[in-house]
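Peer 1: Got a structure for you, written out below as structure tokens; questions coming shortly.
The values are calculated or read from the model by the stated rules, or taken from the named source; none is laboratory data. Quantities reported herein were computed from a predicted structural model and do not represent experimental measurements. Glycine gets a Cβ as well: all are built from the backbone with ideal geometry, and neighbour counts include every protein chain shown. Protein only, heavy atoms only, side chains kept; ligands, DNA and RNA dropped before computing areas. Shrake-Rupley method; radii C 1.70, N 1.55, O 1.52, S 1.80 Å.
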Amino acid sequence: MKKTLSLFLAFIIIFSSLQIVNADNLRQSAPVTETHITYDSLIGLRGKPNRIDEENNHKWLTYLTPDYKNYELYYFKDNVLEDIYISKTELLPEYKITSDMKRNDVDKILKDFKPSKITTQYIIGENIYNFYYDVYGLNDIFGLEIRSKTSDTSKIASSNNLSRIYEKQLVDLTNVFRAQNDKKILLPIQKLNTMAKVHSVDMRKNNYLNVIDSKGEGADIRLAEYDLRFKNLGENVANASNNAIGLNKTFIQSEIQRENILSDDYENIGMGICTKGKELYCTQIFLENLKD
């Protein structure tokens with residue numbers, strides 16, 4: 001009898017533990033889609049993030065699954081949530097909006113919150129919801145940005161640390177887009193990061209935007225300086241005035257640069273961002289090493 005009771009109690013304990021874990025997993029699957037909450041409240045809702053980046057009174061919390069298909073980025077100023085970026089199957093669970101929907105689908109659901117016919121933005125309460133569409137693909141949603149009406153990340157003071165934060169975010173965002181399109185994840189190489197940064201600094205210093213540098217050299221020539229050989233090589237450059245999310249949108253909504261991002265020819269990536277006032281200069285380098 002005691003043995004039976006012990007087994008029964010053990011079963012209840014195990015079942016209860018499983019229930020708690022399952023409930024927690026369900027809670028973790030839903031992104032936060034409202035700004036103005038505190039840092040501690042976000043941690044309570046989403047749990048421990050994969051990465052926390054900080055610059056003075058600014059914080060970015062990154063949540064990312066190993067397959068890169070579920071990504072959330074939360075930006076805090078003075079410990080108050082101001083900006084959210086989501087790239088996962090469930091984007092707005094409260095409105096049943098998922099990432100495989102088209103622009104017309106979203107328009108129908110959120111028609112009462114759309115300021116004009118041409119915009120991809122919707123104003124709901126104190127937040128602006130901005131959907132990003134893959135216009136050269138199937139026109140599905142590749143990301144959703146939710147920001148407070150008062151948020152302005154361009155006001156963050158430029159610094160080397162801020163550039164590094166944006167570089168990490170853009171590597172994530174690039175791989176997230178590849179994962180959405182069933183492509184393998186690109187692995188960063190420090191030498192490529194350095195090479196990309198040098199080119200971005202050159203563009204800023206000499207006020208140009210091109211894959212050919214101020215000496216008239218392309219990435220194939222510059223690569224030799226870093227003792228790297230290549231089988232396949234590609235490069236994207238962009239200039240934006242906001243953040244890594246804006247740079248990612250610029251690349252994806254350029255047909256040629258989107259092709260580089262989704263190419264099967266590459267296995268590594270380098271990312272270099274530098275700032276000039278409110279502007280960001282960015283270089284992406286894609287590489288397949290030449291095997292010995």
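Peer 1: Take the Cα atoms of the chain, find their three principal axes, and give me the spread along each one in whole Å, biggest first.
Peer 2: 84, 54, 40
Peer 1: Then there's this: Can you give the accessible area of Val198 in Å² (nearest 10), computed on protein heavy atoms with a 1.4 Å probe?
Peer 2: Counting only protein heavy atoms, Val198 exposes about 80 Å² to solvent.
Peer 1: Sticking with this structure for a sec: Which three extents, in whole angstrom, do the alpha-carbon atoms of region 202-268 cover along their principal axes, largest first?
Peer 2: 33, 33, 17
Peer 1: Let me ask something else. Can you tell me the orientation of helix 160-180 relative to the chain, as the angle in degrees between its alpha-carbon axis and the longest Cα principal axis, to the nearest 10?
Peer 2: Taking the Cα atoms of the chain, the angle to 160-180 is about 70 degrees.
Peer 1: Taking amide H positions as placed 1.01 Å from N in the peptide plane, with prolines and chain starts having none, which residues 5 or more places from Leu280, or on another chain, fall under 5 Å of its amide H?
Peer 2: Under 5 Å from the amide H of Leu280: Ala240, Ser241, Asn242.
Peer 1: Continuing with this model, one more query. For the pair Glu54/Ser263, report the inter-label distance in nm, with labels modelled 7 Å from Cα in the Cβ direction.
Peer 2: In this crude spin-label approximation the distance works out to 4.0 nm.
Peer 1: State, as an integer percentage, the relative contact order of the chain based on alpha-carbon contacts under 8 Å between residues 6 or more apart.
Peer 2: Numbers: 497 pairs, mean separation 42.5, N = 292.
Result for the chain is 15 percent.
Peer 1: Given R₀ = 30 Å, FRET efficiency for Leu187-Phe113 by Cβ-Cβ distance, to 0.05?
Peer 2: Working: r = 40 Å, r/R0 = 1.35.
According to the calculation, E is roughly 0.15.
Peer 1: Report ³J(HN,Hα) in whole Hz for each residue of region 46-54, in order, from the Karplus equation J = 6.51 cos²θ - 1.76 cosθ + 1.60 where θ = phi - 60°; Gly and Pro get x.
Peer 2: 9, x, 6, x, 5, 8, 10, 10, 10
Peer 1: Measure off, as a whole percent, the carbon and sulfur share of the 1.4 Å-probe accessible area of region 41-162, all protein chains present. Spell out each step's value before the answer.
Peer 2: Values: 2920 of 5960 Å².
Using a 1.4 Å probe with all protein chains present, region 41-162 comes out at 49 percent carbon and sulfur.
Peer 1: Multiplying the sequence separation of Glu225 and Ser29 by 0.36 nm and subtracting their Cα-Cα distance, what value in nm do you get?
Peer 2: Values: separation 196, 0.36 × 196 = 70.56 nm, distance 4.52 nm.
Extra length from Glu225 to Ser29 when fully extended: 66.0 nm.
Peer 1: With θ taken as phi - 60° and the coefficients 6.51, -1.76 and 1.60, list the Karplus ³J(HN,Hα) couplings across region 246-253 in order, rounded to whole Hz; mark glycine and proline as x.
Peer 2: After applying 6.51 cos²θ - 1.76 cosθ + 1.60, I find x, 5, 4, 4, 4, 5, 5, 8 Hz.
Peer 1: A further question on this structure: What Kirkwood hydrodynamic radius, in Å, does region 21-147 give when the mean of 1/r is taken over all pairs of distinct Cα atoms and then inverted?
Peer 2: Details: mean 1/r = 0.0651 Å⁻¹.
Averaging 1/r across every pair of different Cα atoms and inverting gives 15.4 Å.
Peer 1: Right, here's the next one. Assuming 0.36 nm per residue, please report the length gained on full extension of the stretch Asn289 to Lys155 beyond their Cα-Cα distance. Display every interim value, and only then the final one.
Peer 2: Details: separation 134, 0.36 × 134 = 48.24 nm, distance 3.92 nm.
The Asn289-Lys155 span can extend by a further 44.3 nm.
Peer 1: Helix 2-29 versus the longest principal axis of the chain: what angle, 0 to 90°, nearest 10, using Cα atoms?
Peer 2: 40
Peer 1: Additional query: HN-Hα J couplings of region 122-133 from phi, Karplus 6.51/-1.76/1.60, θ = phi - 60°, integer Hz, Gly and Pro as x?
Peer 2: 9, 9, 10, x, 9, 10, 10, 9, 10, 8, 10, 10
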